[in-house]
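A short worksheet on the structure shown next.
FYI, it's all coordinate maths here, none of it is from the lab. Because the structure is predicted, anything quoted here is derived from the model rather than measured. Heads up, the Cβs are rebuilt from the backbone with ideal geometry, glycines too, and the neighbour counts pull from every protein chain shown.
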Amino acid sequence: MISPIYTSRYVLMCIPALALIAGAAVTVLGRIVGPVALAIVVLAGLSTQVTQREPYGHYDNIRALDRIVAARAKPGDVVLYTNPNAQSFGAAYPYGLHNLPNIELAQAAIPSGTLAGADLTSLAQIRARLRNISRVWVVEINNPCVPVPQVQALSGKKEGAALTGLPLRFVRMWHERGDYLLLYAHGAGSQDITTACKPAS
């Protein structure tokens with residue numbers, strides 16, 4: 001099994017270096033052609049520059065998810081990120097997801113010296129922890145809505161269903177661009193799989 005070393009956001013940090021190289025190439029074109037080429041590049045990239053600066057500029061609308069959680073979170077709530085690429089969502093804003101303990105982590109971000117925390121626990125340990133919580137916010141990214149949350153490894157391989165068979169019932173779901181936020185609460189009854197993938201009104 002191959003596990004990637006970098007996430008896409010780390011790779012994107014190389015773009016300024018590429019821009020410097022392109023800038024050096026433009027200066028070689030001369031005093032007339034160089035500024036014209038630069039103007040064409042600026043105009044061609046203008047719409048992308050504007051959209052990239054929107055809250056959903058990198059596809060995920062983390063701000064919207066944070067506002068939903070900030071408005072509705074209760075003491076004792078936890079968060080479960082089914083995709084490890086979303087682990088850093090809690091670091092984006094100082095409210096909402098940032099304030100919820102990540103049920104998957106054995107060590108938090110600061111003690112581990114990482115952005116999102118380290119030492120992800122096994123699926124069996126996650127399920128054991130979920131038995132004792134009152135409510136869990138499940139963050140699903142880059143997928144169609146999955147009514148039965150499946151925890152993924154960093155390689156993208158499905159590790160298994162996190163909530164099946166636990167005393168958690170589906171409460172509500174929100175959809176923001178490619179992201180889904182599902183709320184489950186401790187209680188009798190099973191989740192309604194049909195309802196789970198219908199956006200809340």
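General remarks:
- Cβ crowding within 10 Å averaged over residues, with 16-22, 85-91 ranked highest first: 85-91, 16-22
- Model label points for H186 and K74, set 7 angstrom from Cα along the Cα-to-Cβ axis, are 1.1 nm apart.
- A protection proxy built from the mean count of other Cβ atoms within 10 Å ranks the segments 106-112, 78-84, 159-165, most packed first, as 78-84, 159-165, 106-112.
- Full extension of the segment from Q107 to L12, taken as 0.36 nm per residue of separation minus the current Cα-Cα distance, would add 31.5 nm.
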